[in-house]
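Report on the structure given below.
The values are calculated or read from the model by the stated rules, or taken from the named source; none is laboratory data. No experiment lies behind these values; they were computed from the predicted model shown. Here the Cβ positions follow ideal geometry from the backbone for every residue, glycine too, while neighbour counts run over all protein chains shown. These accessible areas exclude ligands, DNA and RNA; they are computed on the full protein's heavy atoms, side chains included. Shrake-Rupley method; radii C 1.70, N 1.55, O 1.52, S 1.80 Å.
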Amino acid sequence: MEEYSPQKIDKKWQKYWEENKTFSSRVNTNKPKFYVLDMFPYPSGAGLHVGHPLGYIASDIYARYKRLLGFNVLHPMGYDSFGLPAEQYAIQTGQHPAVTTKTNIEGGVDNEGNKIIGYRKQLDKIGFSFDWDREIRTSDPNYYQWTQWIFKEIFNCWYNNKTQRAEKIEKLVKCFEKEGNTNINAATNYDKVFSSSDWKDFKEEEKQEVLLEYRLVYLSNTWVNWCPELGTVLANDEVKNGVSERGGHPVEQKKMRQWCMRITAYADRLIKDLDNLDWTDAIKDTQKNWIGKSQGASIFFKTNGEKRHTIEVFTTRPDTIFGVSFIVLAPEHELVKKITTKDQEKVIKKYQNSSKLKTERERISNVKITTGAFTGAYAIHPFTNKKIPIWIGDYVLANYGTGAVMSVPCGDQRDWEFAKQFSLDIPNVFKDKDLSKGAFTEKDATIINSKFLDGLSVKEAIKLAILNIEKKGYGKGKTQYKIRDAVFSRQRYWGEPFPVYYKGKTPYILKEENTVKLPEIDKYLPTADGSPPLARAQKDSWGIDYPGDRMEYNTMPGWAGSSWYFLRFMDPNNEKEFVNKEIANYWQNVDLYIGGAEHATGHLLYSRFWTKILYDLNYIPFNEPFQKLINQGMIQGNSRFIYKLKSEVTNHTNPIYFSKSIVEDLEKRKADPIEKFKEKLKKTSLYYVNQKTINLLYESLQSYVSKIHVDINLVSGYELDTQAFKKSRKEFNKSEFVFEDEKFLCPGEIEKMSKSKYNVQTPDALVEKFGADTLRCYEMFLGPLEQHKPWDIQGITGVEGFLKKLWRLFYKDNKLNISNDEPTKQELKSIHKAIKKTQEDLERYSFNTPVSIFMICVNELSTLKCNKKAILSDLCLIISPYAPHICEELWQKLGNKESISFAKFPKHNPKYLVENSHKYPVSFNGKMRFILELSVNSSKEEIEKQVIKNEKTLKYLEGKTPKKVIVVPGKIVNIVV
RNA sequence: GCCCGAGUGGUGGAAUUGGUAGACACGCAAGACUUAAAAUCUUGUGACCAUCUGGUCGUGCGGGUUCAAGUCCCGCCUCGGGUACCA
């Protein structure tokens, strides 16, 4: 018999698909389209582990399934190839990041001589149906010229709040020329007013300065997250818990002139349009919280000094305006200097310095400690004209709202604590609310002590307060967002250069046709004066003539290239446009997008933002990039540990290892006398050290060993292969082991999968052993796609066995044996049940359950000894998205000439599933007692009659009369006694 | 703190709209084939009680709605994720 040999079949069909371009996709208006996309990977030197393909396998199954349903499927793959690791590696080794990147994708050898298999080869082995002719790399100039082009487009537009969309900057210029900026309602921080003649009198440089304030991408002196270790600024989503997401380095706040993208202009649309997306609530909520819309009012407080300054505060609770007893400014607030009185100057300076020294992390960890300082100045309450003290405190953030709050200690816990700390007034504006233990932060209260707001509910009071504030000109109703404009420049080399040059301080965009390629530089480090690496480039190495003093030295952030790559996949080789509009019109947005949830506030938000801009500018006909999103769970590693004796304990030369049970199972070890412990050491040189040391080890072994990761490939089951361990590295060569019952066991612990933890399971090894189909089915069989789960190959043999069994259906007595006979009723029922369930499950994106369905069907058909061509054909078809190699092979054995990809998914026929009878579970008071088989055509009454007269029923009734009999035809019978 | 999500056998998990809890696998046990191993096949496998027929309990905990609850409602507990002086 021809054995099932996955290795052979895998290669054969992967080659066939590549040569025949089986999965190439073209615009075809006669066919409905379907766009399936994975979040493209960053090609790191570590290569793929089994967690990476999880999402790719699911999306590939869906793509193949949709193809069988007759859809024209777009299923591309590429690389997000700009990024930090390649640059760090370049700094260390001098290797150009482009070279590292290429090796990581295509395979080769790295600088230390390690073999790199390459992402592409690893992916190919799993048998994905990608259309590789569409491959893109964000670091390829042919790609990033269009990233630069999009930047130019964003630079050349502004956001019109009246029309709620981005518009060309030329239109704004025309308005300025005609009537100045008085009638313009734009998303901008620019607050000066000018007339048309003012505009005309502006010098060119001034005009550019003004326009820069209106553009959707602009240069601005803002507070940024500066990471000294990485030598660059970071966006908010790249900072987690006060440290950089990559590398975990401290991050501090710094005011720098940086490029910013005006994502705040789109805040409202980014929230509203979530409603139309098929995403989980979890990820929608994450984005909503990140954008952080809050409604309230901004209110002006005048100071009472000689110079009357105005402090603008933002509050969501204008109803508590009469509860204000002080004002707190952020320590960095620009008014602090101006209003601080002479006698308070020292205190304020000191406080400002101390808060400047705190890193973001310290600020967060010291949340509980209330600190602040009094400026000596007072503000005047707009409604009561009372004097209220002005303080500074670092619980007020400089970069949220206006950097100033009106403190209402009765209604805000932090204000309450601040008031307690510094013995400030706590006036109560809530009826019958106790403030002795904390502020009253709920909203179910009646307002008192508040003049015109007295007696109102919070909700009513908010409305009326805003009305009055606006009427008297003390402020206005306002919507505030937590999200800040996204910092768009990075002080790095390995990113997209800006198509920008400077004349003096004014930035200008290069002409349309110019692409700025990354120039060669001597070192990938910042210059001596702290300029980014690109400042090292010689003027002529930029390869273009620019009419200014210098080029922009910053590069774009990692999210630039990934914000629009799904568009380029539609039309990857277009040399004239970033994407042809007709083509974009055919493919539309991504129907199914699969990737990790960690991109919720980064990539996913930025892509939506750019898509909306390009939509506003009429380049694409849709305003959301990803219609349906699935976040696959993380596959965690199963780390193994051994315990190394610290060398300072004895002066032994060989490394000595203990297993977990000896070290950590203290009670068990102590149950044995010390002689027994010494016995265990017999095989090692430790046996010969002095008794005192052995006593020490016996008493407190734990403090003399260090727990180290051991490569999971050296462990089978729980047992460490000590011989292989010795051979695995030079320094392990002379290892000695303290055995426990002849074995060295290392039980696992669940951790993130990573190279440094030696717990990485590569797909390559598994494909080699079991074949791609087994790996594909098994990764799906592991559990729901969205769920996090530890990697464990225990169950893989079950899936392997299923595929072998499938293969055997085609053989009898060592020969291929397929019959053309009519299938039996039972056979038809089995396959049609499977067709129906598979389709239903895939339609609801349940990727794990179809594997069970296949197993059941194959088991049933095996029992029936079914070898009918009609049945086996349908079986191959439904399994083929999961196990394409074996199904192509068997499909061919069934006599088909074309790839199974071009076949049609079978339609289940309900007539084969019709049952004549139904097995009714009969329950008494909800407890199932026995099963009664009755005709499906039986009426309710008939069923009841049959059940009642059944002798088993009589038994369970124990002579009582049933109170009620519930019959659900086709389902159950329940008798209430 | 706030916002999401999840808790089911020894293990991974199934149960789509309330209707036979534990599908399908792994593991384990017994058996067949084999000199042996691998492979394959058969049987059993939630817990407890019972010689069997069978019974009792059982989906994190406590209550409720219902003829019927893993599923719906209320109150908790634990774990995971996001976010965090956001005014």
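In table form, for the structure just shown:
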{"item": "Amide proton proximity set for A:CYS157, modelled H, under 5 Å, gap of 5+", "result": "A:ILE169, A:LEU216, A:VAL217"}
{"item": "Region A:917-976 - Debye-derived log10 I(q)/I(0), Cα point model, q = 0.14, 0.22, 0.24, 0.30 Å⁻¹", "result": "-0.31, -0.79, -0.95, -1.51"}
{"item": "Relative contact order, percent, region A:636-751 [alpha-carbon distance under 8 Å, six or more residues apart]", "result": "45 percent"}
{"item": "At q = 0.15, 0.16, 0.25, 0.27 Å⁻¹, base-10 log of I(q)/I(0) for region A:267-329 (Debye sum, equal scatterers on each alpha carbon)", "result": "-0.66, -0.70, -1.04, -1.14"}
{"item": "Principal axis dimensions, region A:684-776 - Cα atoms, whole angstrom, descending", "result": "58, 26, 25"}
{"item": "Pairs from A:LYS670/A:LYS734; A:LYS825/A:LYS865; A:LYS805/A:LYS869; A:LYS539/A:LYS576; A:LYS644/A:LYS726 whose Cα-Cα separation, in the structure shown, is over 20 Å", "result": "A:LYS670/A:LYS734; A:LYS539/A:LYS576"}
{"item": "Loop-located trypsin sites (Lys or Arg not before Pro) in region A:525-591, at most 15 other Cβ atoms within 10 Å (DSSP)", "result": "A:LYS576"}
{"item": "Calculated from backbone phi, Karplus (6.51, -1.76, 1.60) coupling profile of region A:325-335 in Hz, x at Gly/Pro", "result": "10, 6, 10, 10, 9, 5, x, 8, 4, 5, 6"}
{"item": "Accessible-area value, A:GLU699, 1.4 Å probe, nucleic acids and ligands omitted, Å²", "result": "110 Å²"}
{"item": "Links that overshoot a 29 Å alpha carbon limit, given the list A:LYS192/A:LYS387; A:LYS15/A:LYS66; A:LYS678/A:LYS707", "result": "A:LYS192/A:LYS387"}
{"item": "Charge dipole of chain A about the Cα centre (unit charges at C-beta), most positive-ward option of A:PRO881, A:TYR565, A:VAL851", "result": "A:VAL851"}
{"item": "Normalised per residue, the volume of the convex hull around the Cα set of region A:771-912 (Å³)", "result": "109 Å³"}
{"item": "Nearest 10 degrees, 0 to 90: helix A:84-93 Cα axis against chain A principal axis", "result": "90 degrees"}
{"item": "Positive-end residue of A:PHE430, A:GLN295, A:ALA379, charge dipole of region A:293-481 with Cβ unit charges", "result": "A:ALA379"}
{"item": "Debye, to nearest 20: dipole size of chain A, +1 on Lys, Arg Cβ, -1 on Asp, Glu Cβ", "result": "1720 debye"}
{"item": "Amide proton proximity set for A:SER139, modelled H, under 5 Å, gap of 5+", "result": "A:SER81, A:PHE82"}
{"item": "Per-selection Kirkwood Rh - region A:293-481 (Cα, Å, 1 d.p.)", "result": "16.9 Å"}
{"item": "Pairs from A:LYS302/A:LYS431; A:LYS833/A:LYS911; A:LYS125/A:LYS769 whose Cα-Cα separation, in the structure shown, is over 20 Å", "result": "A:LYS302/A:LYS431"}
{"item": "Whole-Hz ³J(HN,Hα) from phi, Karplus 6.51 cos²θ - 1.76 cosθ + 1.60, for region A:509-522, glycine and proline x", "result": "8, 5, 5, 2, 6, 8, 9, 9, 8, 4, x, 6, 9, 7"}
{"item": "Charge dipole magnitude, Cβ of K and R +1, D and E -1 - region A:917-976, Cα centre, debye nearest 20", "result": "220 debye"}
{"item": "Sparsely packed trypsin sites (Lys or Arg not before Pro) within region A:414-469, loop by DSSP, other Cβ within 10 Å at most 10", "result": "A:LYS437"}
{"item": "Mean separation of Cα contacts under 8 Å, 6 or more apart, over the residue count of region A:917-976: relative contact order %", "result": "42 percent"}
{"item": "Rounded accessible area of A:MET928 (nearest 10 Å², 1.4 Å probe)", "result": "110 Å²"}
{"item": "Under 16 Å from the Cα of A:LYS893 - aspartates and glutamates, other chains or at least 8 residues apart", "result": "A:GLU2, A:GLU3, A:ASP10, A:ASP874"}
{"item": "Proximal lysines to A:LYS940, defined as alpha-carbon separation beneath 21 angstrom and excluding residues fewer than eight positions away on the same chain", "result": "A:LYS919, A:LYS927, A:LYS949, A:LYS952, A:LYS963, A:LYS964, A:LYS971"}
{"item": "Cα-based reach from A:LYS203 at 14 Å (exclusive), listing aspartates and glutamates while leaving out same-chain residues under 8 positions away", "result": "A:GLU177"}
{"item": "Placed amide H near A:VAL224: partners under 5 Å, 5+ positions off or other chain", "result": "A:LYS254, A:LYS255, A:MET256"}
{"item": "Unit charges on C-beta of K, R, D, E only; dipole of region A:199-353, Debye", "result": "620 debye"}
{"item": "Residues of chain A: accessible area per residue with a 1.4 Å probe, Å²", "result": "48 Å²"}
{"item": "In order through region A:687-696: 3J(HN,Hα) via Karplus (6.51 cos²θ - 1.76 cosθ + 1.60), integer Hz, x for Gly, Pro", "result": "4, 9, 7, 5, 4, 4, 5, 5, 4, 4"}
{"item": "Calculated over chain A: convex hull of Cα atoms, volume per residue (Å³)", "result": "290 Å³"}
{"item": "Selection of trypsin sites (Lys or Arg not before Pro), region A:308-358, meeting DSSP coil and at most 10 other Cβ within 10 Å", "result": "A:ARG308"}
{"item": "Furthest towards positive pole of dipole, A:ASN713, A:PHE732, A:ILE662, structure part region A:636-751, Cβ charges", "result": "A:PHE732"}
